[in-house]
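Report on the following structure.
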Amino acid sequence: MIGTQNGILAKLAVEAEKLDEEEEEDDGQKEKLKKVLEVPLNLLGRFHTAPISGIRELDSSTQFITISEDHTMAIWEATNQKQLSLISLTDRPVSLSVSASGRSAFIGTENGAFLIYDVTNRSNPRLVKQMRFFEE
């Protein structure tokens with residue numbers, strides 16, 4: 001999955017190559033061959049109205065979370081490219097992290113807010129804690 005500067009989400013299907021580590025070491029002095037991807041980029045559509053500023057996977061599931069300069073956070077299902085939820089934020093989000101379990105999302109905003117969301121219910125994330133570290 002790819003999040004772009006203009007709010008478009010896209011999927012690039014690329015087959016993985018097996019690397020032969022022994023061959024890789026032997027060829028260490030040889031020039032590496034560059035490969036060009038000839039796989040078309042499959043645009044999934046516009047879902048945010050401004051650039052996406054963060055994207056993280058939720059656990060080892062097929063779901064992921066995005067934040068955008070349009071002051072929103074969204075949760076997605078990658079297998080069918082559907083938006084599961086969209087949450088409006090009062091400030092523009094600038095940073096995003098997710099707990100290892102995929103149950104919590106942490107968002108930092110440009111105005112110094114730190115938001116913690118419980119995202120166990122993907123269709124209805126719940127704000128658990130909000131802190132402000134500085135005032136404008």
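Miscellaneous remarks
- Of all residues making up segment 74-117, the number that are in a loop (DSSP other than H, G, I, E, B), crowded, with 17+ Cβ neighbours inside 10 Å and touching a residue at least 40 places away in the same chain (Cβ under 8 Å): 1
- Per the listing R126, R56, the residue uniquely surrounded by 13 or more Cβ atoms within 10 Å (Cβ to Cβ) and either in contact with a Phe, Trp or Tyr (Cβ under 7 Å, 6 or more places away or on another chain) or in contact (Cβ under 8 Å) with a residue 40 or more places away in the chain (or both) is R56.
- Flag for A100 being over 21 Å from T49 (Cα atoms), modelled with pLDDT under 95 and not hydroxyl-bearing (S, T, Y): yes
- H48 being modelled with pLDDT under 85 and buried (at least 16 other Cβ atoms within 10 Å of the Cβ): yes
The values are calculated or read from the model by the stated rules, or taken from the named source; none is laboratory data. In this text the structure is predicted, and so the values were computed from the model without any measurement. A quick note on method: Cβ atoms are made from the backbone with ideal geometry, for glycine too, and the neighbour counts reach across all protein chains shown.
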